[in-house]
Amino acid sequence: MKKVRPMDFALLLASLILCLGTAFAFSACGPKEDGSWMMCHWAERVVLLQGAICSLLALARLVSFRDGVKLGLGVAIFLNSLAALFVPGRIIPLCKMANMRCHLVMKPSVFTVAILLCLLCLLDSALLFRKVYSRKSN
């Protein structure tokens with residue numbers, strides 16, 4: 001039985017920060033006075049879903065012991081976090097006023113966590129790719 005790598009825990013932690021942070025710490029604007037939601041609410045929900053998917057992929061990666069499977073799951077986490085990077089303000093528009101919570105808190109926080117997750121995935125995937133394919137060439 002192989003050991004669990006520290007990078008697996010780091011990816012799970014960053015994915016959970018993207019998911020739970022979007023839900024609780026850096027959520028978008030609240031409802032309007034009439035009870036309807038602004039567009040930034042839906043951007044928050046999409047990022048929350050992408051964070052949940054990244055968390056599930058990272059959890060599957062944590063329990064997998066095959067390096068090729070970990071590599072594939074890392075690429076899936078990278079692509080999903082890259083998509084989360086472009087949701088607030090690019091794919092789904094945010095509020096029109098620049099001083100709203102979605103512009104000041106949610107967008108920079110999602111950007112920072114998604115970039116961190118992308119960088120962790122790139123680093124780990126490069127290391128795993130080298131490990132998997134150097135073993136096959138021998």
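The values are calculated or read from the model by the stated rules, or taken from the named source; none is laboratory data. This is a predicted model, so every value here is computed, not measured. Quick reminder, even Gly has a Cβ in these numbers, built from the backbone with ideal geometry, and neighbours come from all protein chains shown. For accessibility, only protein heavy atoms count, side chains too; no ligands or nucleic acids. Shrake-Rupley method; radii C 1.70, N 1.55, O 1.52, S 1.80 Å.
Can you tell me which residue in the range 1-25 is modelled with the highest pLDDT, limited to those that are open to solvent by 70 Å² or more (accessible area, probe 1.4 Å) and of a type in the set (D, E, K, R)?
K3
Anything in the range 120-138 that is charged (D, E, K, R) and open to solvent by 90 Å² or more (accessible area, probe 1.4 Å)? List them, or say none.
Answer for the range 120-138, where residues must be charged (D, E, K, R) and open to solvent by 90 Å² or more (accessible area, probe 1.4 Å): R130, K131, R135, K136.
Output the number of the condition that W42 fails; it satisfies all remaining conditions of (1) without any contact (Cβ under 8 Å) to a residue 12 or more places away in the chain; (2) in a helix (DSSP H, G or I); (3) farther than 23 Å from C121 by Cα.
With respect to (1) without any contact (Cβ under 8 Å) to a residue 12 or more places away in the chain; (2) in a helix (DSSP H, G or I); (3) farther than 23 Å from C121 by Cα, W42 is out only on (1).
Consider I77 carefully, then state whether it is more than 17 Å from S125 (Cβ to Cβ), part of a helix (DSSP H, G or I) and among the β-branched types (V, I, T).
The answer is no for I77.
Which of the residues belonging to the range 56-67 are open to solvent by 60 Å² or more (accessible area, probe 1.4 Å) and either under 13 Å from the mean Cα position of the chain (by Cα) or touching a residue at least 12 places away in the same chain (Cβ under 8 Å) (or both)?
Listed by number, the residues that qualify are L56, L59, F65.
For residues that are over 19 Å from I91 (Cβ atoms) and among the small types (G, A, S), scanning just the range 26-46, find the one that is surrounded by the fewest Cβ atoms within 10 Å (Cβ to Cβ).
G35
Read through the list (1) crowded, with 17+ Cβ neighbours inside 10 Å; (2) basic (K, R); (3) modelled with pLDDT under 95; (4) under 24 Å from C29 (Cβ atoms), then give the number of the only condition that K70 fails.
In the conditions (1) crowded, with 17+ Cβ neighbours inside 10 Å; (2) basic (K, R); (3) modelled with pLDDT under 95; (4) under 24 Å from C29 (Cβ atoms), K70 misses (4) alone.
In the range 79-119, which residues are surrounded by fewer than 21 Cβ atoms within 10 Å (Cβ to Cβ) and closer than 16 Å to D8 by Cβ?
Of everything in the range 79-119, those that are surrounded by fewer than 21 Cβ atoms within 10 Å (Cβ to Cβ) and closer than 16 Å to D8 by Cβ turn out to be L116, L119.
Could you give every pair whose Cβ atoms fall below 6 Å, whose first residue belongs to the range 81-93 and is among the small types (G, A, S), and whose second residue is open to solvent by 60 Å² or more (accessible area, probe 1.4 Å), counting only separations of at least 6 or pairs across chains?
If the second residue must be open to solvent by 60 Å² or more (accessible area, probe 1.4 Å), the pairs left are G89/K107.
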